[in-house]
Each structure stands twice: as C-alpha cells, then as structure tokens.
Amino acid sequence: MGFTYFAKATLLFIGRSMLFGVGLASLIFVFVDFFEDSLTFSELSLLEIGFGLLLFSLINRHLTASKAAQLKWTSAIYRPLRNIGWVNLAFLCLVIFFILIGPEIDELNQIMAKNSHRLQQLDLIVTLLCLYWAAPKLPVEQTRTESVNKEGLAQ
C-alpha cells in the first residue's frame, strides 16, 4: 500500500500541477496578447475591452459562488484554471495531430494566418466559458431551503 499510494499521489499532484500551470500560463498569455506592441489602452479593441469586463464579472460571480459553497480558497483558484488547462491541452493534442500529418502544415499555417482574429475570439469565448462553468453549484435541496427560509414561509 505504501509505494502504490505514494506513486498515485505523486502522479495526481504532477497532473494537477500541470493543469494549473497550463491554465495560468494561458490566462496570462491572453492578457499579454492584448498588449502586443506596448502597454497602452489605446491599442485595445472593443472585443478585448468587453472580454476584460466580462472576465472580471465572471471572476466576481465565481468568488461569490465559491464563498456561498464554502470552498477553500485553493479550490476556488484551482477550478477555473483546471478547466482552462484541460481546454488548452486538448488544443495542444490537436496541434500535435496536425503536425504529424506533415505536408498539409503549410495549408494549416495559411488558414490560421487568415483567421487569426477569429481564433482570438474563439480563445476568449472558451476562456470565459471555462470560468463560467468553474463556479460551484449549490445542491437543489439547499437552494430550495434557503429560498423558503428567506421568504418566511417555513421555519
């Protein structure tokens, strides 16, 4: 039991750490990509400004829901970054698949160059969805009980 437990715990820690790291790096890269040339707000597009506002509102929603669900702060931070990490690892597997195809890589580069703005929009939407889905949900019974107690109909 000792060695197998240690091996499982080590692999789980490494896997979770990689997901956390990939998610954090991806989130940082989104903001670095906003300020490509300089650190001025004049080069931000309306899409990027809207994304920033939606991101901060979703972070507020996530933190409020995490507090209501009484999650530990480590779990509240880990959940959205884990989701973003999974999406980026899936994208990495897709890129590796296209690299293994070989000769069609030039065509793929041309398609990506033509659609770079659409890819950025897709990346921003997926990041927002990952943050939205990471918010904890309260059980239905607990939510119903709290709403009844607030109305004063049941004690």
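The values are calculated or read from the model by the stated rules, or taken from the named source; none is laboratory data. Predicted model, so just to flag it, every value in this text is computed and none were measured. Counting neighbours? That spans all protein chains shown, and the Cβs are built from the backbone with ideal geometry, glycine included.
Just a few scattered comments:
- Matching entry among Leu94, Leu124, Leu153 (being of a type outside the set (Ser, Thr, Tyr), over 17 Å from the mean Cα position of the chain (by Cα) and modelled with pLDDT of 80 or more): Leu94
- Meets criteria (within 18 Å of Ala134 (Cα to Cα) and surrounded by 13 or more Cβ atoms within 10 Å (Cβ to Cβ)) for Leu47: no
- Selection count, the stretch 7-36, where residues are touching a Phe, Trp or Tyr at 6+ places or on another chain (Cβ under 8 Å) and either free of Cβ contacts under 8 Å to residues at least 40 places away in the same chain or of a type in the set (Phe, Trp, Tyr) (or both): 1
- Any hit, the stretch 81-102, residues being over 17 Å from Leu129 (Cβ atoms), outside any helix (DSSP H, G or I) and either without any contact (Cβ under 8 Å) to a residue 60 or more places away in the chain or not hydrophobic (A, V, I, L, M, F, W, C) (or both): yes
- Among the residues making up the stretch 40-79, none is in contact (Cβ under 8 Å) with a residue 24 or more places away in the chain, over 16 Å from the mean Cα position of the chain (by Cα), outside any loop (DSSP other than H, G, I, E, B) and closer than 23 Å to Met18 by Cβ.
- Selection status of Leu89, at pLDDT 85 or above and within 26 Å of Ser57 (Cβ to Cβ): no
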